[in-house]
Structure formats: C-alpha cells, structure tokens
1. Of Lys6/Lys138; Lys163/Lys418; Lys145/Lys198; Lys324/Lys407, which sit over 27 Å apart, Cα to Cα?
2. Under 10 Å, Cα contacts only: if you run a Gaussian network model on the chain, which one of Asn29, Asn43, Asn74 comes out with the highest mean-square fluctuation?
3. Calculated FRET efficiency, Gln97 and Asn43, Cβ-Cβ r, R0 51 Å, to nearest 0.05?
4. For segment 209-296, state which trypsin sites (Lys or Arg not before Pro) are in a DSSP loop and have at most 12 other beta carbons lying within 10 Å of their beta carbon.
5. How are the alpha carbon pair distances in segment 61-349 distributed across 5 Å bins from zero to the largest one, expressed in percent?
6. Over its Cα atoms, what ratio of radius of gyration to 2.2 N^0.38 Å does segment 62-128 give?
7. Find the relative contact order for segment 210-324 and round it to a whole percent, using C-alpha pairs within less than 8 Å whose residues are 6+ positions apart.
8. Label Asp151 and Glu417 with points 7 Å out from Cα along Cα→Cβ: what is the distance between them in nm?
Amino acid sequence: MKRLIKNVRLVKDACSKAIQDGMIVYEGNVITYAGKRTDVVSNEYDQIIDGNGCIAIPGLVNCHSHAPMVILRNIANDMKLEDWLFGRILPLEANLQGDDYYWGTMLAACEMISSGTTCFLDMYLDMEQCAQAVLDSKMRANISKNTLTSDKKTDRGTIFDGKAYEQFVKKYRGAGNGRITTSMEIHSLYLYEPELIKQSVDLAVETNSIIHIHVLETQDEKKNIEAKYKMRALEAMDRMGMFNVPVVAAHMVHVDDVDIQFMKDKSIYPVHNPTSNLKLASGVSPVDRMLKEGICVCLGTDGAASNNNVNMIEEMHIASLIHKGVNRDSKLVSARETFQMATLNGANALNSKIGKLEEGSPADIVLLDETGIHNAPGFGDPVEQIVYSMQGSDVKTVIIDGETVMKNREIIGLDTEKIIAEVKSIRKRLES
Ligand SMILES: [Zn+2]
C-alpha cells in the first residue's frame, strides 16, 4: 500500500525549519518521502489523506509511564508522596488482578493515541497483559519487565527470577511486527538489596537490555541512598555496572552539577516528568542545565495516579514553562528543545528509528488540527504553536507503523465504550 498525506504544514523533526506546503508518502510501514509538495499523480496512491488545516509531526514518545495506573486516576490527590504511595497506592495495587492490567493499558493506549503519543516506555506489574494490550491497540511500546519479584505484592522484590525475564524477552522482543521492544525494569535503588540489583544488571548486560529505573525522585531518596551506599546514587549504579547498557532514568530531580558532569560520560537518558514531580511536590529537575551539557533528556508522563493524565502535549507545555519561571529566564527550555525531548530524544533512548519524519523512518505520524479558535490566527512557528497553544484534543489523525489507528478523532478498531466500562468496574471493585 502506497499512501500520501498532502497539504500539511510539515515538522520533520525538532531541528529543521517547518515546511509550509508539505507532503508525506509512506509505503507499508515506512516513509519514502517527507518534504515539500511535489507534483502528485493521484493514481499512484492507494490512499490520499488531505491534511489541509493540519500540522504533521512525528508521533510523540512517552518515555516513562505506568499505563494501568489510569485505573487509579484521581483516587489520591493532594497528598505527600510517602502517604500517597505507601498509604494509598500500594495497598490498592495489591488488589489488582488478572486482566485488570490489560484493560488499564487499553484505556491508557486510547488516551495516548488521542493525544498524539505513538510509542511509550512502560513499567508496571504483569507486563504480559500490558504487551497484549499494546498488540491489540496497535501502539508501539518498549515494555519493561522486572527480574525481582516477591510473594507479597506490596513488597516489590526479594526474589531474583531471571528465567521469567528471559522468557518474556524471548516472547515479546520484536513482537507485533517489531512494534514491541523490551527492557529491564529495576524499579529503583531503594526497593531492593544491592546484591539482587547486581544480579539483575548482569542479566541486563547478558541479554543486551536497556534498564528502566526511577532515580533521585525525592530528597529523602537521595539521603537514604547515600547513607546506604556511602556514595552518590549514580556512582552506586556505575559500580554495579549499570552503564554497560543504556539506562533510562525517570525523574532525576535531585541532581547537582557533579551528577550532571558524571551523566555526560555515561549511557544515561534522564526522563523529565514535570507534572508528577510538581503534583507530588518532589521538586523540579534541573533539565535546563542537563540540556546545556548536551545530555539526551527525554519526556514522560509517569502514571496517571500522579499526573493525572497521559497527555504528552500537556506534558510538553508544562516542561517548557516551569524552568523559565523557576529560574526567571524565559530563554530556558525552548519549544524546540521540549519537542525534541518528546520525540527524537525518546527515540534515541529506546534505540529506535522513530522520532522524525524522513525517508526510511517508520510511518508513525500525527496530524494536529490547527483550525480551532485557540490556534487562530496561526502563522507562527508550528513547533512553538504545538508546545505553547495546542491541546491534546487537537490531535486529529494518528498513524502507527503505517496503520491509521485514529481518524478524525475516532479510534479505529477499538471499542472505547467497553474499555471505559471495564476500567470503571475494576475501579468499583478496588474501592468496595
Ligand atoms: Zn514512575
């Protein structure tokens, strides 16, 4: 199938100048042309999508999420992180079961698609269910499976289970025509004993796995890790050999200049989660300083229990604003830098060819409708418009791996009413 998207304002990537009169050709799941409009011979194409009034961008990459947590949306707000996590979230999570994770991921997938995300990096419990939801929703995802488990659900890791991890990798790495990739979840340094983490790291190296981990989210975490390991968190990770594989590190809020210098030399991809960090009052990550040092910072929503959505357009908006305000410098974390975090940087962290629209890239394309009142009169730089003015609800059409998964805001092939009903009944059960 050869398809054409015509009459779009084209944003090929975060760096190049937007093309006002652009078009995209893709054959199967690969882009074969993205550039200025050329003469079109209609009968060359199996399908022509008229993108008039739209901006075309590469699909957004949500680099840190816990998809099924949409089940717990608005269940615990305005609480201290410790009370929120240990008092409310973990006891509720202990009652999740069976296909709860599937329906939660399906709902998150619908929300992500409808706000322009085409790929996400996820860690949670029961990732087999999550993988099935990715296959069924036609999204692209990197799914992080843990190696450290426990008999008790509230206690996240006292037993090393390398075998289950290897089986998961074997089953899902490359599944769904390559839409699924896998990585290793090591939830954090604080949940497990060092010997168990080291065992996991060795397996990550052996299986050539990206490690997905939470690092330095709170001041208390930093204090506790330094007391336990008698060194900085990043040094402890280095000692355990973590940086022998790429490490995608969520949060990275409490880092100083010494940490930033350290990060420059290591295979680390920090993920900025501004909404979650603000909502749980964890602090503000010095992302502006990381970007200045050329560190590949990515962007993620975190789970919907601490956000409370999985909308990357909104996440970009907040990411671009807070550093200006906190540092009283309006030049910091520009729209283009923010857009790059949400596209190409995420793609690089996941070692994927997505994140840009060019010949040879996977056809993960999002069309944003710019005809709404809040976008008028238009004319501005499209990237700045997306980050500063647009809403997730402006996403009109979404193509993942060459397949149209949302058209004119209608999600194709998924029964969203049933998905919402399933999640409602799970939530009712949890709260009863
Ligand atoms: Zn998280």
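1. Numbers: Lys6/Lys138 24 Å; Lys163/Lys418 35 Å; Lys145/Lys198 16 Å; Lys324/Lys407 36 Å.
Beyond 27 Å: Lys163/Lys418; Lys324/Lys407.
2. Asn43
3. Computed FRET efficiency for Gln97 and Asn43: 0.40.
4. On the way: sites: Lys222, Lys223, Lys228, Lys230, Arg232, Arg239, Lys264, Lys266, Lys279, Arg289, Lys292; in loops: Lys230, Arg232, Lys266.
Qualifying residues, ordered by number: Lys230.
5. Going from the shortest bin to the longest, the percentages are 1, 6, 13, 18, 20, 19, 14, 7, 2, 0, 0.
6. Ratio of Cα Rg to 2.2 N^0.38 Å: 1.15.
7. Values: 175 pairs, mean separation 26.8, N = 115.
For segment 210-324, the relative contact order is 23 percent.
8. So the label points at Asp151 and Glu417 sit 4.7 nm apart.
Where a number appears in this text, it was derived from the coordinates with a stated rule and is not lab data. Small disclaimer: the values here were computed from a predicted structure and weren't measured. Cβ coordinates were reconstructed from backbone atoms using ideal geometry, including for glycine residues, and neighbour counts include every protein chain displayed.
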